[in-house]
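What follows is a set of notes on a single structure, which appears directly below.
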Amino acid sequence: MSAKILEKQQLSDNVFKLVLDAPKIAKKRKAGQFVVLRIHEQGERIPLTIADADPAKGMLTIIFQVVGKSTAHLSELNAGDSLLDLVGPMGQPTHIEKIGTVACVGGGVGVAPVYPITQAMKNIGNYVISIIGARSKDLIIMEDEMKAVSDEIIVTTDDGSYGYHGFVSQALEEKYLMTGNKKIDMVVAIGPVPMMRALCDVTKKYNVPTVVSLNSIMVDATGMCGACRVTVGGKTRFVCVDGPEFDGHQVDFKELIDRQRIYLDQEKQCYDHYCTCRQQGKGA
Amino acid sequence: MEMKERLKIPRQPMPEQDPQVRKRNFDEVPLGYTPEMAKTEALRCIQCKKPECVEGCPVEVDIPGFIALIAEGKFIEAAKKIKQTNALPAVCGRVCPQEVQCEVRCVRGKKAEPVAIGRLERFVADYERAAGEVSIPKIATKTGKKIAVVGSGPAGLTVAGDLVQLGHDVTIFEALHAAGGVLVYGIPEFRLPKAIVAAEVDYLKKLGVKIETSNVIGKVATVDELFAEGYDAVFLGTGAGLPSFMNIPGENLNGVYSANEYLTRSNLMKAYRFPEYDTPIVRGKNVAVIGGGNVAMDAARTAMRLGADHVYLVYRRSRQEMPARIEEIHHAEEEGIEFHLLTNPIRYIGNDKGWVKGIECLRMELGEPDDSGRRRPVPIKGSEFIKEVDTVVVAIGSGSNPLVQSTTPGLNTNKWNYIIADEETGQTSREGVFAGGDIVTGSATVILAMGAGRKAARAMHKYVMSK
């Protein structure tokens with residue numbers, strides 16, 4: 001089905017928010033699930049986590065970072081434009097239960113998919129500590145939204161331009177795990193793979209169960225192709241249908257990083273071509 | 001023409017693209033009969049009183065009937081004749097294994113070669129399409145019954161085509177963005193041009209079938225929700241779309257694909273036209289394809305067309321046991337695919353960046369027959385060897401996708417999670433729910449799925465009309 005863009009907002013230099021008219025998906029989706037979209041006939045299928053939904057209004061929110069041609073093209077669409085295809089909700093929803101204190105950690109654009117999980121964790125009665133981070137102040141997104149669904153919040157920046165100076169993993173360890181300040185029963189972490197890996201290294205040391213959400217390369221996202229396979233606890237799993245969330249202490253992050261780089265050259269070629277065409281005013 | 005002379009006509013060969021040229025392009029390999037060739041070939045049919053070929057056809061096409069019309073030069077009428085029982089003749093003429101169905105039973109095959117039924121079917125379907133005279137059969141009066149068809153592969157398209165002609169309101173739900181199932185994501189352009197699939201799908205739309213692409217049943221709606229929305233019956237034709245791997249070391253290295261992924265990228269997403277199309281694919285120089293079925297042949301021939309220097313087809317049994325059609329094996333060999341038979345991979349070797357650089361194999365020999373009746377391949381001790389490759393495609397079969405079964409309470413499945421359905425009616429353990437095609441039988445052929453769809457459509461018609 002196609003989906004009309006109702007609203008568009010730029011959240012930071014290269015992070016955008018789109019609100020889509022997608023009543024069927026908005027009604028069904030649960031925290032942790034994602035959609036796959038295609039912009040035009042020659043386009044690729046790209047998976048994006050659902051950041052929010054309003055089932056009553058039939059609206060679905062996605063937030064994405066421009067990382068290549070497809071996301072660049074997506075960022076140039078405006079309210080009133082339509083996506084050629086939108087399919088979802090895909091993947092398993094987050095397992096939401098009341099377990100005590102939950103730390104919800106988001107890095108970069110990963111704050112967007114962490115938001116609906118944080119909201120659900122809070123709504124079911126957990127004490128929620130949020131830690132959100134980015135390279136610098138102007139790349140921090142959704143601080144107010146996260147604040148509204150958290151009992152405590154720490155904002156970190158790698159360069160120290162805002163909040164805690166350091167990585168989210170360092171903040172979690174220094175402020176909570178090391179001090180025993182507040183016993184954390186579970187951590188949910190979403191962000192760049194190196195961030196999730198570093199965070200899992202820390203929580204493993206303190207034996208805190210940690211769930212991560214993986215953004216592997218996908219094609220169909222229905223379990224048909226296996227592009228997204230990842231090794232978890234020595235077994236091959238498909239991120240699209242078995243995930244996207246897994247026990248972070250069991251994930252083979254080295255393999256995941258390698259697999260995310262499969263098409264690096266082609267992605268660059270495609271993006272450069274797109275940028276050149278745009279400069280020459282030819283479209284792409 | 002006298003019968004005696006007709007019996008002297010040799011089977012008309014199919015004109016084909018030269019192997020050295022076609023191995024580097026994605027255009028269709030067989031070029032199709034000319035009207036003259038078709039008429040000549042049609043004269044070879046002796047119009048048996050009890051045509052055995054029809055019994056060999058899962059959808060019972062009136063084969064002597066349409067061939068007689070070709071002999072008279074009535075090509076459009078011949079197409080209409082086929083369409084009485086087969087909604088997808090251009091597809092079937094290309095991908096049906098006629099050599100084990102209709103043609104194997106042709107009496108002409110006993111002393112000479114069988115009539116080229118598949119090539120004639122293809123000819124009239126193409127002729128009709130090119131002439132732009134695609135005829136729309138009469139649709140029965142509206143029944144007011146709503147039918148949901150899950151999956152737009154061969155089974156689903158057949159069910160939809162049959163039921164819409166009986167006057168029902170039919171909607172197909174397809175998970176991908178294009179209709180056709182395996183016909184669009186699996187079978188390559190050079191064997192089945194996608195424009196032909198699109199034309200056949202378009203024909204169904206003209207008949208009144210509604211197609212909702214990008215709708216994953218089991219996710220956006222369950223089978224029970226379809227009933228709640230007012231559908232009177234549901235057909236499940238979700239196929240066998242889960243890729244199998246061998247679970248050997250190194251299978252997750254970069255450059256190791258499932259056949260499903262490799263072919264979906266190339267066929268559905270048109271990665272062979274990257275960067276005109278956005279979806280990339282690895283263009284390997286030394287490619288190993290694991291398996292001996294039609295999908296393995298498709299993957300190997302795709303790898304060659306993507307520019308490989310060497311494509312090795314690695315199969316653990318011998319040529320006799322290969323499940324692929326003889327024609328496909330022959331085409332692959334003509335295009336320079338190197339067969340490594342009685343060979344089985346045991347691990348993939350990677351470089352420090354996680355890319356596959358080699359494949360370690362064992363030589364095999366044939367032992368006693370196994371459950372399938374084929375001689376079991378047994379490893380030869382100490383026969384390990386390593387071959388350098390930069391791409392691997394694993395084409396060893398596929399399993400059932402659990403999305404619908406896991407969200408439909410009361411739907412019985414077997415131990416491989418295929419849906420249990422009556423062979424004659426497609427009836428499942430749930431009232432009003434029918435199933436057919438690969439999701440019931442496991443991986444089989446396009447025409448068998450269509451045959452199952454045909455039977456299910458009859459039963460579904462009976463079911464909704466008696467409600």
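Scanning the stretch B:37-52 for residues that are within 19 Å of the chain's Cα centre (by Cα) and assigned to a loop (DSSP other than H, G, I, E, B) turns up nothing. Selection within the stretch A:10-57: residues that are assigned to a helix (DSSP H, G or I) and hydrophobic (A, V, I, L, M, F, W, C). The member of this set that is surrounded by the fewest Cβ atoms within 10 Å (Cβ to Cβ) is A:26. Within the set B:227, B:235, the sole residue that is buried (at least 24 other Cβ atoms within 10 Å of the Cβ), more than 10 Å from every other protein chain (Cβ to nearest Cβ) and either assigned to a strand (DSSP E or B) or touching a residue at least 60 places away in the same chain (Cβ under 8 Å) (or both) turns out to be B:235.
Does residue B:94 satisfy the condition of being surrounded by 20 or more Cβ atoms within 10 Å (Cβ to Cβ) and either closer than 22 Å to residue B:157 by Cβ or in contact with a strand residue (DSSP E or B) (Cβ under 9 Å, 6 or more places away or on another chain) (or both)? Before you say what the answer is, go through the steps one by one.
Working: surrounded by 20 or more Cβ atoms within 10 Å (Cβ to Cβ): yes; either closer than 22 Å to residue B:157 by Cβ or in contact with a strand residue (DSSP E or B) (Cβ under 9 Å, 6 or more places away or on another chain) (or both): yes.
Yes, satisfied.
This table checks each residue for (1) in contact with a Lys or Arg (Cβ under 9 Å, 6 or more places away or on another chain); (2) within 14 Å of chain B (Cβ to nearest Cβ).
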{"site": "A:4", "(1), (2)": "no, no"}
{"site": "A:13", "(1), (2)": "no, no"}
{"site": "A:17", "(1), (2)": "yes, no"}
{"site": "A:23", "(1), (2)": "yes, yes"}
{"site": "A:30", "(1), (2)": "no, yes"}
{"site": "A:39", "(1), (2)": "no, yes"}
{"site": "A:55", "(1), (2)": "yes, yes"}
{"site": "A:69", "(1), (2)": "no, yes"}
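From the residues in the stretch B:126-179 that are within 14 Å of chain A (Cβ to nearest Cβ) and of a type outside the set (A, V, I, L, M), which one is nearest to residue B:269 (Cα to Cα)? Full working, then the answer.
If we filter the stretch B:126-179 for residues that are within 14 Å of chain A (Cβ to nearest Cβ), which is where we start, we get B:150-153, B:171-179.
Applying the additional criterion that residues be of a type outside the set (A, V, I, L, M) yields B:151-153, B:171, B:173-174, B:177.
Values: B:151: 18, B:152: 17, B:153: 17, B:171: 24, B:173: 20, B:174: 16, B:177: 10 Å.
Among those residues, the one meeting the criterion is B:177.
Hey, does the stretch A:66-87 have a residue that's assigned to a strand (DSSP E or B), in contact with a helix residue (DSSP H, G or I) (Cβ under 7 Å, 6 or more places away or on another chain) and modelled with pLDDT under 95? No, there is no match, as no residue in the stretch A:66-87 is assigned to a strand (DSSP E or B), in contact with a helix residue (DSSP H, G or I) (Cβ under 7 Å, 6 or more places away or on another chain) and modelled with pLDDT under 95.
Scan the stretch B:313-350 for residues that are surrounded by fewer than 19 Cβ atoms within 10 Å (Cβ to Cβ), at pLDDT 95 or above and part of a loop (DSSP other than H, G, I, E, B) and the total you get is 2. Residue A:261 fulfils the conditions (1) within 13 Å of chain B (Cβ to nearest Cβ); (2) crowded, with 18+ Cβ neighbours inside 10 Å except for a single criterion, (2).
Of all the residues that make up the stretch B:252-282, how many are aliphatic (A, V, I, L, M) and either at the interface with another protein chain (Cβ under 8 Å from one of its Cβ atoms) or assigned to a loop (DSSP other than H, G, I, E, B) (or both)? Before you say what the answer is, go through the steps one by one.
Step one: filter the stretch B:252-282 for residues aliphatic (A, V, I, L, M), giving B:253, B:256, B:259, B:263, B:268-269, B:271, B:281-282.
The next check asks that each one be either at the interface with another protein chain (Cβ under 8 Å from one of its Cβ atoms) or assigned to a loop (DSSP other than H, G, I, E, B) (or both); those that pass are B:253, B:268-269, B:281-282.
Total satisfying the criteria: 5.
Only residues that are assigned to a helix (DSSP H, G or I) and of a type in the set (Ser, Thr, Tyr) were counted across the stretch B:92-149, and they come to 1. Listed conditions (1) of a type outside the set (Val, Ile, Thr); (2) under 28 Å from residue B:443 (Cα atoms); (3) away from every other protein chain (no Cβ under 12 Å); (4) surrounded by fewer than 19 Cβ atoms within 10 Å (Cβ to Cβ) are all met by residue A:243, apart from (4). Here is the figure for the stretch B:1-17: residues that are farther than 15 Å from residue B:328 by Cα and among the acidic types (Asp, Glu) total 2. When the test is whether a residue is small (Gly, Ala, Ser) and in contact with a strand residue (DSSP E or B) (Cβ under 6 Å, 6 or more places away or on another chain), residue B:230 passes it.
The values are calculated or read from the model by the stated rules, or taken from the named source; none is laboratory data. Just so it is clear, the structure is predicted and the values come from calculations on it, not from any experiment. Note: ideal-geometry Cβ built from the backbone for every residue, glycine included; neighbour counts use all protein chains shown.
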